[in-house]
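Some notes on the structure that comes next.
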Amino acid sequence: MEAAKRKRNSAEYEEDEYDTFKPPPPPSSAAANGGIDLSLLEALEKSQQNPVEVLDIKTVKKLVLAFERRLKENIAARLKYPDQPEKFADSEVELHEEIEKLKILAGGPEFYPELVNLGTIASITSLLNHENTDIAIDVVGLLQDLTDEDVLEDNDEPAQILVDSLVENNALELLVQLLGKMSDSDPDESAAIYSILATVENFIEVKPSVAELVCERTKLMKWLLTRIKVREFDGNKQYASEILAILLQSSTVNQKRLGQLNGVDALLQAVAMYKSKDPKTPDEEEMVENLFDALCCLLMPLENKEKFVKSEGVELMIIIMNQKKMCYGSAIRALDFAMTNYPPACERFVDVMGLKTAFPAFMGKLPLSKKNKKRYKEELEERLVSLVASLFGGILRGSRRDRLLSKFVENECEKIDRLMELYMRYSDRVKLESERFDQLELDDLEMDEDEKYNRKLEAGLYTLQLIAVILGHLWTSEHPRIRARIDLLLKQQKLTKQDVKDILQEYHDNIGDLEGPEEKERGQSKIQRFISSF
């Protein structure tokens, strides 16, 4: 899951630089001067007085020297006349101009190491704490430009050197402190909030470890949680949701940290706003998807699953499903994450009538989506198969287990029929992918076994394996009607129990030890029981 990269056009916050030019005089005026337009000549003269500098080491040093001189003058003026702003106002304007000139350095990332060697980064980051917020905002704009993804493309090493130096000089702490001082009610400060978030995202893009550093050293997570709880939608709320998802997507440390900050409850509150209404715009829709992405990442650690159940997250997701709005599919995904390897969530799901909501969807009765209908439907099918497999894995005995099994007996075992329909479809897709391998090998393009297995997983093997696991649970229930139906359907499709066993065996052999050797052994012994029972 990778959050979409967006950069706001700076023109949204800056006046058009050409607005100050006057329109050219009418043709008669030019004709009166022998066909020469004097205003164009004047503009040409002005442009020659300010030629564009060629960026080289000499220019870099010149820009840095001018910036350091203006900074020194501003510090001196502020110290000398602390209570007389008019006495240091000019030095502030000059400092602003020099910061703007430094933006030219974004045109030559190869000079970033020189910028670091000259010691300029400490001076630049110190201005994030400047008493004049406008100066601090200027520096945010500079850092955003210097670290922009388009600028740093194919310049990995200089980018690393720059970001390392910025982090060493407390840029993360100062950026987040500044974030806390900004208000969305002021247009300039609202634009600065966006720029700060964009800069943090740029840092993470260059140096992924910044995702954990910024959460460890600052109160960014707390600020983001506060921001997503605001009811009104705007661009900054959207960006806050995106940054939150980025921080959580590949960091267990951040997932646990946010859980400790009551993040599960905050995200449930944020998505609850859309339980019975749809987002109004594509941007708002993207924000809601970001919120669910963040929630699903947050539900990876066991302790956060527990918080989800206590905060009545299971109930909320079922309500969202019953409303059949845009968040329908996202709610299924969140339930899938919550119930994977966590029996209490499965038990709660059954207790609050979740089976009644989930099984019509499992049978293919899904609300229409504006998205790519085929892919959307497939994604939901895969999630629902995973959810049913989690239910069987989490509810092993008692009345809840009986209620689950009875779903596969009612209406003449229609859900077993559906299961076998999905089995055939995913089996065909995996076979097709295997045939492609054979063709590639005929063309002398070799693939190792791991690559082949991963390609089959992408083609739908994992969903096929989960379907085989559900069949294993059904078969080991020893329910006569269930067994008879599975036998009949296998014969109808010219399959045998050995075909199901082969899929289970491949699954057994590829269970990893990500959750420890004991969990691996437990998982393999469960699959072995299914294989033996068939």
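Accessible surface of D502 in the full protein assembly, 1.4 angstrom probe, to the nearest 10 Å²?
80
Counting just the Cα atoms, what span does the range 336-405 cover along each of its three principal axes? Round to the nearest Å and put the largest first.
Largest first, the range 336-405 extends 40, 21, 17 Å along its Cα principal axes.
Could you point to the label whose value was computed as Cα Rg over 2.2 N^0.38 Å for the structure here, given (i) 1.17; (ii) 0.91; (iii) 1.27?
(iii)
Take the Cα pairs of the range 57-123, get the Kirkwood Rh, then feed it into Stokes-Einstein at 10 °C and 1.306 mPa s and tell me D in µm²/s. Could you put the intermediate results ahead of the total?
Values: Rh = 12.7 Å.
Value of D from the Cα-based Kirkwood radius: 125 µm²/s.
With a 1.4 Å probe and every protein chain kept in, tell me what percent of the accessible surface of the chain is carbon plus sulfur. The partial results should precede the final answer.
Numbers: 13580 of 27770 Å².
After summing per-atom areas, the C and S share lands at 49 percent.
Per residue, how much accessible area does the range 58-121 show when a 1.4 Å probe rolls over the protein heavy atoms, in square angstrom? Write down the numbers at each step before the final one.
On the way: 3580 Å² over 64 residues.
In whole numbers, the range 58-121 has 56 Å² accessible per residue.
For the range 229-334, what mean projected area does the convex hull of the alpha carbons give, in nm²?
Working: hull surface 23.4 nm².
Across all orientations, the range 229-334 yields a mean hull projection of 5.9 nm².
Restricting things to Cα coordinates, could you compute the convex hull volume per residue of the range 168-244 in Å³? Show your work: numbers first, answer last.
On the way: hull volume 6.4 nm³, N = 77.
Per residue, the Cα convex hull of the range 168-244 comes to 83 Å³.
Let me spell out the model: positive unit charges on the Cβ of Lys and Arg, negative unit charges on the Cβ of Asp and Glu, origin at the Cα centre of the range 88-143. What dipole size does that give, in debye rounded to 20? Write out the running numbers ahead of the final one.
Working: 2 positive and 11 negative charges, 57 e Å.
That gives the range 88-143 a dipole magnitude of about 280 debye.
Could you do me a favour and compute the accessible area per residue for the range 287-394, 1.4 Å probe, result in Å²? Each step should come with its number before you reach the end.
Working: 4190 Å² over 108 residues.
With all protein chains present, the range 287-394 gives 39 Å² per residue.
Rolling a 1.4 Å sphere over the protein heavy atoms, what is the accessible area per residue of the range 211-253, to the nearest Å²? Intermediate values should be presented prior to the final figure.
On the way: 1770 Å² over 43 residues.
Ligands and nucleic acids excluded, the result is 41 Å² per residue.
Determine the dipole magnitude for the chain: charges of +1 sit on the beta-carbon of Lys and Arg, -1 on that of Asp and Glu, nothing else is charged, the reference point is the Cα centre, and the result goes in debye to the nearest 20. It would help to have the intermediate numbers written out before the result.
Details: 72 positive and 98 negative charges, 763 e Å.
Approximately 3660 debye in magnitude.
Helix by helix, which DSSP H runs in the chain go 30 Å or more along their axis at the Cα atoms and have an average Kyte-Doolittle hydropathy of -0.5 or more? Before the final figure, lay out each step's value.
Values: long enough: 57-80 (34 Å, -0.14); 373-394 (31 Å, -0.46); 410-442 (48 Å, -1.07).
Within the chain the helices that satisfy the rule are 57-80, 373-394.
Treating only the Cβ atoms of Lys and Arg (+1) and Asp and Glu (-1) as charged, compute the dipole magnitude of the range 370-431 about its Cα centre; round to the nearest 20 debye. Could the numbers behind the result be given before it?
On the way: 17 positive and 11 negative charges, 82 e Å.
I would put it at about 400 debye.
If you find the alpha carbon centre of the range 328-375 and of the range 438-507, how far apart are they in angstrom?
The range 328-375 and the range 438-507 have Cα centres separated by 23 Å.
Taking the Cα centre of the chain as the origin and placing charges on Cβ (Lys, Arg +1; Asp, Glu -1), which of L95, I228, A198 is farthest toward the positive end of the dipole?
Farthest along the dipole direction, towards plus: I228.
Ordering L461, L79 from largest to smallest accessible area (1.4 angstrom probe), what's the sequence? Provide the component values of the computation, followed by the final result.
Working: L461 5, L79 135 Å².
In descending accessible area the options line up as L79, L461.
Report relative contact order for the chain in percent, whole number only (criteria: Cα-Cα under 8 Å, sequence separation at least 6). Please report the intermediate quantities before stating the final value.
Values: 529 pairs, mean separation 40.6, N = 534.
This gives 8 percent for the chain.
Could you tell me the ratio Rg/Rh of the range 236-287? Both radii from Cα atoms, Rh via Kirkwood.
Numbers: Rg = 12.2 Å, Rh = 12.1 Å.
The Rg/Rh ratio comes out at 1.01.
Given K103/K222; K275/K456; K229/K307; K456/K501; K280/K307, which pairs have Cα atoms separated by over 27 Å?
Details: K103/K222 31 Å; K275/K456 36 Å; K229/K307 18 Å; K456/K501 17 Å; K280/K307 30 Å.
Those over the limit are K103/K222; K275/K456; K280/K307.
Hey, what number do you get for the chain at 222 nm if only DSSP H runs of n ≥ 4 count, each worth -39500 (n - 2.57), divided across all residues, to the nearest 500? Numbers along the way, then the final one.
Numbers: 30 runs with 383 residues, N = 534.
Rounded to the nearest 500, it is -22500 deg cm²/dmol.
The values are calculated or read from the model by the stated rules, or taken from the named source; none is laboratory data. Keep in mind that what you see is a predicted model, and the values were worked out from it rather than measured. We place every Cβ from the backbone using ideal geometry, glycine too, and count neighbours over all the protein chains shown. For the accessible areas, the whole protein counts, side chains as well, though only heavy atoms, and no ligand, DNA or RNA atoms are used. Shrake-Rupley method; radii C 1.70, N 1.55, O 1.52, S 1.80 Å.
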